[in-house]
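Asker: Dumping the structure here so I can ask a few things about it.
The values are calculated or read from the model by the stated rules, or taken from the named source; none is laboratory data. All values derive from a computational prediction rather than experimental measurement. Neighbour counts run over all protein chains shown; Cβ positions are idealised from the backbone, glycine included. We work out accessible area using only protein heavy atoms, side chains counted, and drop any ligands, DNA or RNA first. Shrake-Rupley method; radii C 1.70, N 1.55, O 1.52, S 1.80 Å.
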Amino acid sequence: MTEPLSIRTTEQLRDLAAQGQTGEGCNCHLIQYQGWDSITEMRWPAAQMQQIADLREPGVDEPTFEEFHPDRTRYESPDAPIALAYFPVNRSTIWRCGKCGIQVMRYTEFGGYYVDQRVRVLDATLVVDAPAPTV
């Protein structure tokens, strides 16, 4: 097993995203997770998944919760942009299915009384170069 890549630029993210496959017809069923959907550990196909990249910036314990939606999309929108410096992409890792090659971003949402795993298909056409949020 190789060490996950550390993705720091939009170009790196776009290049990695372009390597993903469609995932159609695979028993991982990850193709259905287009807009930061919850996934239980029971549904997560752990046996066929490999972490291939980390989008979290080293040394940053609390990245921004600011989202990037210039076209009035929402967090759960399947067509929302994927912007490296913005939530929840900035808290994600990338996983690839060993059977079909689909790639998904995954992060853990910590609520007041719950922990929720969220995943979203990594679609190269939605990766955008957005300016970092200002404090």
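Asker: With both bridge residues required to lie in the chain, what share of the DSSP beta bridges run antiparallel, to the nearest 5%? Write down the numbers at each step before the final one.
Answerer: On the way: 18 of 22 bridges.
In the chain, DSSP labels about 80 percent of beta bridges as antiparallel.
Asker: Order of 22-29, 68-75, 57-64, 121-128 by packing, highest average Cβ count within 10 Å first? Walk me through the intermediate numbers first.
Answerer: On the way: 22-29: 13.6, 68-75: 11.9, 57-64: 10.1, 121-128: 18.4.
Descending mean neighbour count gives 121-128, 22-29, 68-75, 57-64.
Asker: Roughly speaking, to the nearest percent, how much of the range 39-135's 1.4 Å accessible area is carbon and sulfur?
Answerer: So the carbon and sulfur contribution to the accessible surface is 52 percent.
Asker: What residue among 67, 11, 41 shows peak mean-square fluctuation when the chain is described by a Gaussian network model with Cα springs under 10 Å?
Answerer: Highest fluctuation of the listed residues: 41.
Asker: Full-extension gain between residue 15 and residue 79, please, as 0.36 nm times their residue separation minus the C-alpha to C-alpha distance. Walk me through the intermediate numbers first.
Answerer: Values: separation 64, 0.36 × 64 = 23.04 nm, distance 1.89 nm.
Result: 21.2 nm gained on full extension.
Asker: Hey, could you get me the Stokes-Einstein D for the range 1-125, Kirkwood radius over alpha-carbon pairs, 20 °C and 1.002 mPa s, rounded to whole µm² s⁻¹? Present the calculation step by step, with values, prior to reporting the outcome.
Answerer: Numbers: Rh = 14.8 Å.
The calculation lands on 145 µm²/s.
Asker: Another question, if that's okay. List, in order, the whole-Hz ³J(HN,Hα) value for each residue of the range 22-33 obtained from phi through the Karplus relation with A = 6.51, B = -1.76, C = 1.60 and θ = phi - 60°; use x for Gly and Pro.
Answerer: Going residue by residue, I get 6, x, 5, x, 8, 6, 6, 6, 6, 4, 6, 9 Hz, with x marking Gly and Pro.
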